[in-house]
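Written below as structure tokens is the structure these notes are about.
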Amino acid sequence: MKALLLILALVSPLFAEGKKYITTGRASEIDPLTKEHPEIGYVFKNKGKPADMQLASVDTRVKDSGYLVIWLMAPPQQLFDRLNSYGHHAIQVTYPRQWFRKMDKLRKQGDDNHFSGLRLEAATGTDQTRLMTIPQPDGLMERSYQFVKYLDGKNPEGNWKQFLSRDGKGLDWEKVILSGASHGSTTSARLAKHIKVARVVMLSGPRDQTEKWQGMKSATPPERFFGFTHTEDEGWPDHHYCRSWLLLGLHKFGPIVNVDDTKPPYGNTRRLISSANVGGNEKRAHSASTPGGASPKDKAGKYLYEDVWRYLYTHPIGETGKPVLPEERCRGDF
């Protein structure tokens, strides 16, 4: 018995160190109430392969931050690796977000609520627009809840249960960081105006430059919104991003800061840009804000934005920069 206790004492620290857990699950198998929406291009299989696979990752070797990042686009593993290194849990869920191109053609001149309603219905699964019908089981919020509930049973070592509400009937959204790039960052911001979340990280976004929902009363305090974009992204020269940032009220927490010549904490601002070399390619510039092949690196092969990503996802909400006047070039037509 003493020998057994000695062995257990020796190996227990190894187990205590934890490990990296990556878990997948299909939305259609996790919740039988989910449905396809072929009318907008959302299906469970594409060319015979699953199209509703979802991803979750957590690293229990890292001190738990207590936050869950919900990523609203296809999952970039390199980003998830970094989120886990910050102590965050991370998930990506599939939901009917393929409406964008088809519904863009239906937008009427002067309609400043077109994308707002579409984004909110796809995110919440509640009726917000006559253009499409997304029921609750297919909305981002319910899909996220069902996936976390699934992860609680599938990967209990990951402590996913902490993100469920007290009654177990939903997520504790004030522990959630909504994030995405481009279309995903815009829907993240739109949902955060509707429900209170811990933080919003908007990479290459938000857009919807013809609308005014960004200036609506927000359930999520404005200091919790963080934006980052490249100046050669087409959304920057046309001032789409900085217009949205102004409507969100982010100028109240500091000026627009170029990370190329500034070190963290960037004056505690919420608006970050970069003009690093992307070869004059606006599509690469659009993807540069997210870890991956398009994001610029230094001569040693290290990403230039490592400090930026850490700042965006971990900077204390209560530490803000000094307010500045709205930049005239960003005002647009509002």
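Throughout, read-outs are computed from the coordinates displayed, never taken from laboratory work. Please read these numbers as outputs of a predicted model, since none were measured by experiment. Every residue, glycine among them, receives a Cβ derived from its backbone with ideal geometry; neighbour counts consider all protein chains shown.
Take the convex hull of the alpha carbons in region 120-279; its mean projected area over all directions comes to 11.5 nm². Taking a straight Cα-Cα cut-off under 20 Å and skipping sequence neighbours fewer than 8 places away in the same chain, the aspartates and glutamates within cross-link reach of K19 are D59, D64, D81, D152, E157.
With a threshold of 22 Å on the Cα-Cα distance, the over-threshold entries among K45/K102; K35/K193; K49/K283; K196/K217 are K35/K193; K49/K283. Note on the chain: helix-only mean residue ellipticity at 222 nm, from DSSP H runs of 4+ residues weighted -39500 (n - 2.57) and normalised by residue number, equals -8000 deg cm²/dmol. Estimated translational diffusion coefficient (Stokes-Einstein, Kirkwood radius over Cα pairs, 4 °C, 1.567 mPa s) of region 77-176: 85 µm² per second. Would you work out if region 234-334 is rounded, prolate or oblate? Take a ≥ b ≥ c from the square roots of the eigenvalues of the alpha-carbon gyration tensor; rounded if a/c is under 1.5, else prolate when a/b is larger than b/c, oblate otherwise. Oblate is the answer for region 234-334, as a/c is 1.5 or above yet b/c matches or exceeds a/b.
Based on the Stokes-Einstein relation at 4 °C and a viscosity of 1.567 mPa s, and on the Kirkwood radius from alpha carbon pairs, region 214-288 is assigned a translational diffusion coefficient of 100 µm²/s. Legend: helices of the chain (whole DSSP H runs) are marked when their alpha-carbon atoms reach 15 angstrom or more along the helix axis and their mean Kyte-Doolittle hydropathy is at least 0.5; marked are 2-16. Across the chain, C-alpha contacts under 8 Å between residues 6 or more apart give a mean separation that, scaled by the residue count, equals a relative contact order of 13 percent. Quick check on region 10-96: take the gyration tensor over C-alpha atoms, sort the square-rooted eigenvalues as a ≥ b ≥ c, and tell me if it's rounded (a/c under 1.5), prolate or oblate. Prolate, since a/c reaches 1.5 and a/b exceeds b/c.
Using C-alpha pairs under 8 Å with a sequence gap of at least 6, the mean separation divided by the residue count of region 6-165 gives a relative contact order of 21 percent.
Given the C-alpha centroids of region 102-163 and region 42-89, what is the distance between them in whole angstrom? Here the two parts' Cα centres lie 17 Å apart. Sites listed here are trypsin sites (Lys or Arg not before Pro) in region 230-334 whose DSSP assignment is loop and whose Cβ has at most 13 other Cβ atoms within 10 Å: K299, K302, R331. Counting only Cβ charges, +1 for Lys and Arg and -1 for Asp and Glu, the dipole size of the chain around its Cα centre is about 340 debye.
Under 8 Å for C-alpha pairs, at least 6 residues apart: give me the relative contact order for region 251-290, rounded to a whole percent. The normalised contact order for region 251-290 reaches 36 percent. Mean projected area of the Cα convex hull of region 18-330, taken over all directions, amounts to 16.6 nm².
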